[in-house]
Structures are given as C-alpha cells and as structure tokens.
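Undergrad: Take a look at the following structure, please.
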Amino acid sequence: MNDDITKQFWKALDASPYVMVGLTGERQHHIPMNAQLDKDANSAFWFFTATDNRLAGGGPAMAQFASKGHDLYACIAGTLRREDNRAVLDKLWNNSIAAWYERGKDDPKLVLLRFDLEDAEIWTAEPSLKGMFKLATGMTMKGSELGKHAEVAL
C-alpha cells in the first residue's frame, strides 16, 4: 500500500505543485511555495525564492500539501538546503519563474532551495461505497471507510 499511496502523492503534487512550507521549530506561519519537480528525483523538490525570504537560510522544514481535488493530503518532513548546482537551476528554470527575477538567472536575489524529503504522512479521501452511505446517513464512520493513511519514507 505504501508504494501505491506514494505514487498517488507524486502524481497529485505534479498536477498541483503548491505547498505550504515552514521551518521546523520556528514560530512563524508557513508560506505558499511552488514546488519544482524533477521526474528523475524522487526524494527532493525545489523552490525558487529570494534572499530576503525567511526560508532562504534553510534548515529542518515541514511542508503541507492538499491535492487539487482535495482527495489527497500530505505532511512532509525534510530539510531545506541551498542548491548551488547551476545545471539544476537551468533544468528547472521556466518563464513563470523568470517573471519574478528582473535579471533572470543571474539576479543577485535569486535563491534555489532544495527540499530533501525524509518522511511523510499521506492521507487519501476515497470513501468506500459503505463509507459514502454512512456519510450520507450520519452513521458512525471508521477511518478505513473514508480513505487510506500511510507513514512513508520518501
């Protein structure tokens, strides 16, 4: 089951790559970020940001994700690190990123952060037929009747 739910997670993140990210242990609200995915990397994603963004310094972090259809949710633990590999920046660069940086890839405020994923909890909201009936009639639900839950190493 864990492989199945992990595949569902990556597919959902690819379809809607928006996550809320915050540094672990900080008393600051998480902020929305657009995850840049690399199909060859299954344990990391990236964010373009600016040097004055509170995440720019990196460190232990958490990301929250809700799929576009609200049928998959994830809480992801990992570590944010500056990505200094120019080849990665070139591979992930696109017009929607360029719109934010006046001097393009050489903008002095540009920072590329890599989020190295450690583990996650993933939930799906796929009610069974019995679960849908219980929801509609107000009967007591069991968690397994609403969807799946897994703790996974990413």
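Undergrad: For Lys11, indicate whether it is free of Cβ contacts under 8 Å to residues at least 24 places away in the same chain, in a helix (DSSP H, G or I) and over 13 Å from the mean Cα position of the chain (by Cα).
TA: Taking the combined requirement at face value, the residue does not satisfy it.
Undergrad: Looking only at the stretch 93-123, count every residue that is outside any loop (DSSP other than H, G, I, E, B), more than 25 Å from Ala66 (Cβ to Cβ) and of a type in the set (Asp, Glu) and tell me the total.
TA: So the count comes out to 1.
Undergrad: Hey, among the residues in the stretch 111-143 that are at pLDDT below 60 and among the polar types (S, T, N, Q), which one's surrounded by the fewest Cβ atoms within 10 Å (Cβ to Cβ)?
TA: Result: Thr137.
Undergrad: List pairs: first residue in the stretch 35-64 and at positive phi, second residue of a type in the set (A, V, I, L, M, F, W, C) and surrounded by 13 or more Cβ atoms within 10 Å (Cβ to Cβ) anywhere in the structure, Cβ distance under 8 angstrom, at least six positions apart or on different chains.
TA: As it stands, the answer is Gly58/Leu80; Gly58/Leu113; Gly59/Leu23; Gly59/Leu80, since those pairs meet every condition given.
Undergrad: Still on this structure, I have one more. Given the criteria surrounded by 16 or more Cβ atoms within 10 Å (Cβ to Cβ) and either of a type in the set (Gly, Ala, Ser) or modelled with pLDDT under 95 (or both), does Ala56 qualify?
TA: No.
Undergrad: Quickly run through the stretch 80-110 and pick out the residues that are within 24 Å of Trp10 (Cβ to Cβ) and surrounded by 17 or more Cβ atoms within 10 Å (Cβ to Cβ).
TA: Leu80, Glu83, Val88, Leu89, Leu92, Trp93, Ile97
Undergrad: Across the stretch 70-92, what is the total count of residues that are in a loop (DSSP other than H, G, I, E, B) and free of Cβ contacts under 8 Å to residues at least 40 places away in the same chain?
TA: Qualifying residue count for the region: 3.
Undergrad: Go through the residues of the stretch 38-57 one by one and say whether even a single one is outside any helix (DSSP H, G or I), out of contact with any Phe, Trp or Tyr (no Cβ under 8 Å at 6 or more places or on another chain) and more than 29 Å from Gly104 (Cβ to Cβ).
TA: There is no residue in the stretch 38-57 that is outside any helix (DSSP H, G or I), out of contact with any Phe, Trp or Tyr (no Cβ under 8 Å at 6 or more places or on another chain) and more than 29 Å from Gly104 (Cβ to Cβ).
The values are calculated or read from the model by the stated rules, or taken from the named source; none is laboratory data. Note that the structure is predicted; figures quoted are calculated from it, not measured. Cβ coordinates were reconstructed from backbone atoms using ideal geometry, including for glycine residues, and neighbour counts include every protein chain displayed.
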